[in-house]
Amino acid sequence: MKKIVYSPDAIEKIQKIERQVCAEYGDKTAQKVKKAITARIRSLQSLEEQGVSMYDLYGVTPDYRRLFVAHNYVFYLIEGETIQIVNLYHEKEDFMYKLFGVSSVDEEAEAYWDDIDYDESL
């Protein structure tokens, strides 16, 4: 069975998620969310390739895989006898830019929003 190793960023993100959920929904819900995330991550030990390949999805680095749990994407690498949990991002975050420096917003969408004339008095 492969060993799961969390990066400092991943540990920090799980703690941040727990604090945010606790502040908004209470300690009991925060514990459930944390347990759901860590249980799903532990499930990688028995089925390490259950996450989607980032190369298959986006054509970026073939090593990263993505697993979705509790409104968050867990990014991980399979390295020999280790599964490295790299980081977690909320589903609304631009993880492509944060992880790979690739914009997930195309030029056409940016041009659309740039063309809108906002009424700044509102």
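Report the local net charge at V5: Lys and Arg +1, Asp and Glu -1, summed over other residues whose C-beta lies under 14 Å from its C-beta.
Charge balance in the 14 Å sphere: -1.
Just to check I understand the Karplus step: with θ = phi - 60° and J = 6.51 cos²θ - 1.76 cosθ + 1.60, what whole-Hz values come out for the range 78-88, glycine and proline as x?
9, 10, x, 9, 10, 10, 8, 7, 7, 6, 10
Please work out the ratio of the alpha-carbon Rg of the range 3-91 to 2.2 N^0.38 Å and round it to two decimals.
Here the Cα radius of gyration is 1.09 times the empirical estimate.
Determine the alpha carbon to alpha carbon distance for each of K2/K28; K16/K92; K34/K92 and list only those over 24 Å.
K2/K28
Only the coordinates and a few stated rules stand behind these numbers; no lab work does. As the structure is a prediction and not an experimental result, all values here were calculated from the model. For neighbour counting, all protein chains shown are included, and Cβ atoms are generated from backbone atoms with ideal geometry for every residue, glycine included.
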